[in-house]
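**Student:** Have a look at this one before I ask anything.
The values are calculated or read from the model by the stated rules, or taken from the named source; none is laboratory data. Remember, it's a predicted structure, so these values are computed and weren't measured experimentally. Note that each Cβ is placed from the backbone with ideal geometry, even for glycine, and that neighbours are counted across all protein chains shown.
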Amino acid sequence: MKILSGIQPSGQLHIGNYFGMMKSMISHMENSELYVFIVDLHAMTSVHDRERLSKGTLEAAADFLALGLDPEKCTFWVQSDVPEVCELSWVLSTLTPMGLLERCHSYKDKVAKGIASNHALFAYPVLMAADILLYQAEQVPVGRDQKQHLEVARDLAQKFNNEYGETFVIPEPAISQETAVVPGLDGQKMSKSYGNTIPIFLEGKPLKKRVMAIETDATPVEEPKDPEKCNLFNIFKLFATPERVREVHSLYVNGGAAYGYIKLELLDLLNDFFGQARQKKKEYMTDPQMLREILARGGVKAREKAAPTLDLVRDRVGLKY
Ligand code: ADP
Ligand code: TRP
């Protein structure tokens, strides 16, 4: 099975990214043909700062490696190192109705939040479709927010196949039910752009401050509360053992759940869960040259995999003369 997913290097990666996408990608390393990449061209739709983009790319690479991704067991690269993706994106855009992109929630949400609308932001799903189709990916693990973008990729693959003959595999989204949407500190979807995250690699006081800032209601300790509606509980259950989750669940239902104590317990759980990865990330960040070499090797591997698809596409549409 060919499994592929990408992540933007546009800010500190957070536990929503981890449970929504990174964890499942890393777990597929042993049993699948795995493609993992850092989508710097996509990040350019919102990051126009040279330093931030280039540093963010190296940092996202260090994050993945520190969390256990083994570049020998997958293809791990930076999107812009395979320029073929831009050519495929252009070809696909000639089959993309304006209305298909106008319906995309992600574009509408970003514009509503005040992000300047530009052509790349509008065409974002077409480049994402090219990312997926270029490698003939069968499965794409993502959080629920990316479902519609996957539908665009499927639509474009089908359209191309109908017009020019069987060329692309139709990709399937893989969205895990329990972690489809990890809530942020304020209960909305955790997202870099909402400033409500718990970054994976935050430590010490700044991490404690974030955990203590998880919003909870004002119900007194002894009163029953609904755990499913509490974002603290919903974050806690991602880290605690099933037994401890059951115990805390029953404190919510029967009374006795003290938010302050649960937050401190969550802080310990976070430190245990990511402790080793944090250490490894520090090691990777001391050697950016090594990171660049790992990514460059991945880029060569990815280009080799992309070449036959693009060759076929060029032939199908008449770019070979
Ligand atoms: P952000 O919203 O923080 O900018 P991205 O859009 O870069 O995150 O998402 C990267 C990956 O992480 C995608 O697969 C996305 O679906 C997943 N993801 C992001 N936030 C969450 C969340 N709160 N819960 C589950 N998955 C998430
Ligand atoms: N749009 C995705 C996000 O913001 C990132 C992405 C770009 C992606 N290309 C992809 C994800 C291809 C999966 C497959 O999270």
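**Student:** Name the one entry in 51, 72 that is more than 12 Å from ligand 1 (Cβ to nearest atom), without any contact (Cβ under 8 Å) to a residue 24 or more places away in the chain and within 24 Å of residue 138 (Cβ to Cβ).
**Tutor:** 72
**Student:** Looking at this structure, is residue 46 within 12 Å of ligand 2 (Cβ to nearest atom), more than 10 Å from the chain's Cα centre (by Cα), under 23 Å from residue 287 (Cα atoms) and at pLDDT below 95?
**Tutor:** Considered against the rule, which asks whether it is within 12 Å of ligand 2 (Cβ to nearest atom), more than 10 Å from the chain's Cα centre (by Cα), under 23 Å from residue 287 (Cα atoms) and at pLDDT below 95, residue 46 comes out as no.
**Student:** Between residues in the range 140-154 that are within 11 Å of residue 174 (Cβ to Cβ) and residues that are more than 9 Å from ligand 1 (Cβ to nearest atom) and among the acidic types (Asp, Glu), which pairs lie under 9 Å by C-beta distance while being six or more apart or on different chains?
**Tutor:** Short answer, once both residue conditions are applied: 140/172; 150/172.
**Student:** So, one more: Which condition breaks for residue 164 when tested against (1) within 30 Å of residue 307 (Cβ to Cβ); (2) within 15 Å of ligand 2 (Cβ to nearest atom); (3) crowded, with 17+ Cβ neighbours inside 10 Å?
**Tutor:** (2)
**Student:** Can you tell me which condition residue 107 does not meet? The list is (1) of a type outside the set (A, V, I, L, M, F, W, C); (2) at pLDDT below 95; (3) within 29 Å of residue 293 (Cβ to Cβ), and all the others hold.
**Tutor:** Failing condition for residue 107: (3).
**Student:** May I pose another question? Enumerate the helices (runs of 4 or more DSSP H) found wholly within the range 1-108, keeping only those where 3 or more residues are farther than 16 Å from residue 146 by Cβ, of a type in the set (D, E, K, R) and out of contact with any strand residue (DSSP E or B) (no Cβ under 6 Å at 6 or more places or on another chain).
**Tutor:** Passing ranges, in order: 50-66.
**Student:** Would you confirm whether or not the range 261-269 contains a residue that is more than 24 Å from the chain's Cα centre (by Cα), surrounded by 18 or more Cβ atoms within 10 Å (Cβ to Cβ) and closer than 23 Å to residue 20 by Cβ?
**Tutor:** Within the range 261-269, one or more residues are more than 24 Å from the chain's Cα centre (by Cα), surrounded by 18 or more Cβ atoms within 10 Å (Cβ to Cβ) and closer than 23 Å to residue 20 by Cβ.
**Student:** If you go through the range 127-175 one residue at a time, how many are under 24 Å from residue 16 (Cα atoms) and either in a helix (DSSP H, G or I) or not assigned by TED's automatic domain parsing to the domain that holds residue 33 (or both)?
**Tutor:** Initial filter on the range 127-175 (under 24 Å from residue 16 (Cα atoms)): 127-129, 131-132, 137-153, 171-175.
Among the residues that remain, those that are also either in a helix (DSSP H, G or I) or not assigned by TED's automatic domain parsing to the domain that holds residue 33 (or both) are: 127-129, 131-132, 144-153.
Result for the range 127-175: 15.
**Student:** Same structure again: Out of the range 146-161, which residues are aromatic (Phe, Trp, Tyr) and surrounded by fewer than 21 Cβ atoms within 10 Å (Cβ to Cβ)? Talk me through it step by step, then tell me what you get.
**Tutor:** Taking the range 146-161 and keeping what is aromatic (Phe, Trp, Tyr), we get 160.
Scanning the range 146-161 gives no hits.
**Student:** Let me ask another. Look at the range 179-194 and say how many of its residues are touching a residue at least 40 places away in the same chain (Cβ under 8 Å) and surrounded by fewer than 16 Cβ atoms within 10 Å (Cβ to Cβ).
**Tutor:** Here the count works out to 3.
**Student:** Given the residues 175, 198, which is the only one that is within 16 Å of ligand 1 (Cβ to nearest atom), free of Cβ contacts under 8 Å to residues at least 60 places away in the same chain, among the β-branched types (Val, Ile, Thr) and surrounded by 17 or more Cβ atoms within 10 Å (Cβ to Cβ)?
**Tutor:** 175
**Student:** Filter the range 128-145 down to residues that are modelled with pLDDT of 95 or more and within 14 Å of ligand 1 (Cβ to nearest atom) and give me whichever is surrounded by the fewest Cβ atoms within 10 Å (Cβ to Cβ).
**Tutor:** Once the filter is applied, the top-ranked residue is 139.
**Student:** While we're on this one: Looking for something part of a helix (DSSP H, G or I) and not polar (S, T, N, Q) - is there at least one such residue anywhere in the range 214-222?
**Tutor:** No.
**Student:** Out of 262, 294, report the one residue that is in a helix (DSSP H, G or I), outside the structural domain of residue 57 (by TED's automatic domain parsing) and of a type in the set (A, V, I, L, M).
**Tutor:** Result of the check over 262, 294: 262.
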